[in-house]
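Peer 1: Just dropping this structure here.
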Amino acid sequence: MSWISTVPIRVKPKYRNLFIVENRNLWDLCEAQCDKAADLVLCVDFALKQELLLKGYEVEFLDHLVQESFLEQLNFTMHDFLNNWFKDENGQDLLLYKNYSLGDSLLLYLINDVTFFCHFFFNIIGLKSISYERIIVAATEPIIIECLDKAEINYDTIKIAIPLPEKPVYLFPITKWVKEKTENSISLKFKLKNIIANAFDLVFDGLDRTFNKNKKRIYIQQYHCTQQLINTLKQNSDVQIVTQNYTGISHILKERRVHFSYNEKNNRVFSDLFNKYQNSKKQKWTFMGYPIDSYIYERIDKTVYDKLKEAISAADDIETYFKKYKLQVMVPVTNYWVQNRLLMNYCRNNSVPIYMIINGLLNISYMHDAKDSDYVNSYSVSIKEEYFNNRANVFALGDPRMDKYTVLEHKRIDRNIPLIVIGTAGYDSIDLNSYLAYEFDFLYDILVTLNLIKTQGLNFKIVLKVRANGYTDVYKKFVNEYFDHLPVEIIQDKSFFDVITNADLYISIFSQTIFEASCLGIPAIYYKKDTQYIHKPFNNKSQLVTANNVAELQEKILGFYNNDAMYSNFLKKEIMEEYIGPLDGNNLKRNIDFVHNLINQNINKA
């Protein structure tokens with residue numbers, strides 16, 4: 001088959017046959033037909049790619065086939081669509097209810113499903129840039145077959161016999177993870193918890209109407225970056241903190257939440273809104289003749305049907321609660337989550353200031369998060385300039401979590417038998433330039449490099465710090481399969497602080513944790529295995545020690561053993577402050593002062 005396509009790809013333009021083989025448990029079904037000298041294998045499993053590379057096959061990740069510059073342009077279009085899908089051709093909100101944008105509030109529920117489809121579709125159309133005779137497919141993941149069909153690419157399937165081998169597969173199980181994180185919020189478990197919480201709501205409502213009428217209510221979205229703010233403001237007897245939910249019995253007397261009452265009587269409102277939306281949705285996205293908008297709406301419509309009643313109830317609950325109590329300020333950390341986003345709507349409707357404290361580093365241009373708040377703490381001048389385009393309503397007030405690092409002494413570094421901490425990577429579901437096997441591709445290179453260094457007579461210990469959404473059991477299998485001879489300890493349950501304080505060298509993806517290590521005087525390396533477009537200092541043009549491949553990584557690690565001066569810049573306070581914000585120990589105070597100034601109306605909107 002010969003196509004005419006302008007999609008730039010990472011492989012040669014001509015092969016005999018293309019084999020799409022999802023993972024190594026399906027390879028035995030294809031091996032006899034595949035000619036390693038003439039064919040290309042496309043997979044999503046790191047283990048299969050690694051196995052075939054060692055055997056001399058040409059192989060690439062199916063979901064990393066297309067060049068990054070091409071996909072980066074599509075990132076902007078995709079996220080613009082995701083932030084406007086609920087509007088008609090004139091930009092009018094089709095899911096507006098009592099001046100609440102219900103569609104906008106549902107973004108978290110639908111974003112991963114939409115981006116997962118786009119992730120595969122825009123790589124699969126890259127097949128049209130290749131000349132070939134046949135495509136042979138062995139896959140159980142439905143999205144692969146769906147995208148091939150929608151791209152109108154002919155293929156032959158290999159019959160898959162059950163049971164299959166059960167070798168470990170190394171990729172991030174995004175579908176499983178999303179299901180775990182966004183489980184049905186009106187499930188029986190949720191309802192039972194809510195019955196208990198509602199009982200507390202009623203008790204506190206009676207107490208507050210009698211004794212706490214004059215307290216200043218501040219809604220703060222509870223997360224790592226706001227926890228100290230919440231704890232401090234709770235001590236102020238004039239302030240009542242409202243959060244998305246109670247955090248436990250020991251804190252409950254000082255917490256309030258918006259009373260949640262899922263209303264089964266919203267059927268008429270739901271039907272009217274859903275029908276209006278179905279009949280008038282007009283957002284268009286056509287690419288290379290493909291109706292991308294239709295493909296995406298197939299997914300969005302299911303989410304709207306399943307979740308719209310929840311959003312209606314949440315809007316009603318917010319209205320009811322704040323008719324009784326005046327809200328002074330809202331402090332979110334993101335635009336995501338239904339109640340959180342709808343409460344931002346309430347604030348705009350009622351002239352209540354919204355002060356966003358960003359959740360970690362915002363360093364990717366196409367994102368919309370936090371860009372429509374009244375005021376924003378961007379942590380640093382760098383983020384203010386690059387992500388927020390230096391807007392006047394954005395303030396570099398620092399991250400309260402960084403205060404504790406300013407009073408700690410720098411660690412004494414052991415370069416004889418250093419403890420090397422590796423922060424695991426992860427698939428970035430909202431970036432088309434990420435890929436499912438990225439975290440294992442990243443880790444394999446680092447451990448290969450350390451093995452090379454070990455053969456040179458250098459010693460070390462390794463700790464693998466698994467992120468909260470990682471799967472430790474899979475990492476154990478990975479290390480046992482490829483690197484059982486290396487001294488690797490795998491940790492997930494300890495805090496990053498408790499792990500990094502023992503490190504002598506830290507190797508990571510683009511992450512705020514690099515600054516946390518640097519604040520402790522621990523040399524850090526950013527291993528840029530990713531192909532994403534990221535702002536400084538992760539852009540290969542900063543003082544951060546960066547490696548782009550195994551050879552560079554080996555050079556940088558050897559430089560650590562030799563106490564190379566290249567590490568000194570990113571240990572300097574003034575350089576780190578450019579990217580992470582002030583390191584003077586006063587970040588929490590600045591944020592509290594800003595909230596009090598908003599309450600007292602001492603800050604004007606830009």
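Peer 1: Can you work out the FRET efficiency for the pair Thr406 and Lys234, with r the C-beta to C-beta distance and R0 = 30 Å, to the nearest 0.05? Please report the intermediate quantities before stating the final value.
Peer 2: Working: r = 23 Å, r/R0 = 0.78.
FRET efficiency, Thr406 to Lys234: 0.80.
Peer 1: Moving on. Rounded to the nearest Å, what's the spacing between the alpha carbon centres of segment 238-294 and segment 303-350? Just the number, please.
Peer 2: Each part reduced to its Cα centre gives a spacing of 8 Å.
Peer 1: Follow-up. Can you compute the FRET efficiency between Gln456 and Ser69 using 1/(1 + (r/R0)^6), with r the Cβ-Cβ distance and R0 = 30 Å? Round to the nearest 0.05.
Peer 2: On the way: r = 37 Å, r/R0 = 1.24.
The value I calculate is 0.20.
Peer 1: Further, regarding this structure: Using protein chains only and a probe of 1.4 angstrom, how many square angstrom of Val407 are accessible, to the nearest 10?
Peer 2: 120 Å²
Peer 1: Let me have the relative contact order for the chain, percent, based on Cα pairs under 8 Å that are six or more residues apart.
Peer 2: Working: 1019 pairs, mean separation 90.4, N = 606.
15 percent.
Peer 1: For the chain, which DSSP H helices look membrane-span-like by this rule: Cα extent along the axis of 24 Å or more and mean Kyte-Doolittle of at least 0.0?
Peer 2: Numbers: long enough: 107-124 (25 Å, 1.41); 188-211 (34 Å, 0.35); 292-324 (45 Å, -0.65); 438-455 (26 Å, 0.67).
Long hydrophobic helices here: 107-124, 188-211, 438-455.
Peer 1: Can you return the lysines within cross-link range of Lys454? Criterion is Cα-Cα under 20 Å, with same-chain partners fewer than 8 residues away left out.
Peer 2: Output for Lys454: Lys556.
Peer 1: Within the chain, which is the longest segment containing none of the GluC sites (Glu not before Pro) that sit in a DSSP loop and have at most 15 other Cβ atoms within 10 Å?
Peer 2: On the way: sites that count: Glu89, Glu133, Glu152, Glu166, Glu183, Glu264, Glu409.
Result for the longest clean stretch: 410-606.
Peer 1: Holding the Cα-Cα limit at 31 Å, pick out from Lys176/Lys528; Lys55/Lys528; Lys179/Lys411; Lys191/Lys324 the pairs that are longer than that. All intermediate terms of the calculation are to be shown ahead of the outcome.
Peer 2: Values: Lys176/Lys528 27 Å; Lys55/Lys528 26 Å; Lys179/Lys411 41 Å; Lys191/Lys324 24 Å.
Over 31 Å apart, Cα to Cα: Lys179/Lys411.
Peer 1: Would you mind pulling out the separation of the Cα centroids of segment 455-486 and segment 412-428, in Å?
Peer 2: Comparing the Cα centres of segment 455-486 and segment 412-428, I get a distance of 11 Å.
Peer 1: Amide H of Tyr427 versus every other amide H placed in the peptide plane: which residues, excluding those fewer than 5 positions away on the same chain, fall under 5 Å?
Peer 2: Here Glu439 satisfy the definition.
Peer 1: Determine the relative contact order of segment 478-606: mean sequence separation of Cα pairs under 8 Å and six or more apart, normalised by residue count, in whole percent. Before the final figure, lay out the partial values.
Peer 2: Numbers: 107 pairs, mean separation 21.9, N = 129.
So the answer I get is 17 percent.
Peer 1: So, R0 is 45 Å and r is the distance between the beta-carbons of Lys282 and Thr140; what FRET efficiency does that work out to, to 0.05?
Peer 2: Working: r = 36 Å, r/R0 = 0.80.
Here the calculated transfer efficiency is 0.80.
Peer 1: In nm, to one decimal, how far is the modelled label at Asn389 from the one at Ala551, with both set 7 Å along Cα→Cβ?
Peer 2: 4.1 nm
Peer 1: What is the extension gain from Lys302 to Asn212, computed as 0.36 nm multiplied by their sequence separation minus the C-alpha to C-alpha distance, in nm to one decimal? Please report the intermediate quantities before stating the final value.
Peer 2: On the way: separation 90, 0.36 × 90 = 32.40 nm, distance 4.31 nm.
Length difference between fully extended and current span is 28.1 nm.
Peer 1: Along its three principal axes, how long is segment 31-85 when you only count alpha carbons? Whole Å, largest extent first please.
Peer 2: 48, 19, 18
Peer 1: Let me ask another. Could you tell me which of rounded, prolate or oblate describes segment 280-420, using a ≥ b ≥ c as the square roots of the eigenvalues of the alpha-carbon gyration tensor, with rounded for a/c under 1.5 and, failing that, prolate when a/b is larger than b/c and oblate otherwise?
Peer 2: In terms of gyration-tensor shape, oblate.
Peer 1: So with the 1.4 Å probe, I'd like the accessible area per residue for the chain, rounded to whole Å².
Peer 2: Details: 25880 Å² over 606 residues.
Ligands and nucleic acids excluded, the result is 43 Å² per residue.
Peer 1: List the residues, sorted by chain then number, that are 5 or more residues from Tyr100 or on another chain and whose placed amide H is less than 5 Å from its amide H.
Peer 2: Those lying under 5 Å, H to H, from Tyr100: there are none.
Peer 1: Additional query: Report the far tail of the P(r) of the chain, meaning the percent of Cα-Cα pairs longer than 38 Å. Numbers along the way, then the final one.
Peer 2: Details: 71873 of 183315 pairs.
Here the long-distance tail beyond 38 Å is 39 percent of all Cα pairs in the chain.
Peer 1: Over segment 38-184, what is the relative contact order in percent, taking alpha-carbon pairs closer than 8 angstrom and at least six residues apart?
Peer 2: Numbers: 110 pairs, mean separation 33.5, N = 147.
The value is 23 percent.
The values are calculated or read from the model by the stated rules, or taken from the named source; none is laboratory data. Bear in mind that the values here come from a model prediction, so they are computed numbers and not experimental data. Please note: Cβ atoms are built from the backbone with ideal geometry, for glycine as well, and neighbour counts cover all protein chains shown. When the accessible area is computed, the model is the full protein with side chains, heavy atoms only, and any ligands, DNA or RNA have been set aside. Shrake-Rupley method; radii C 1.70, N 1.55, O 1.52, S 1.80 Å.
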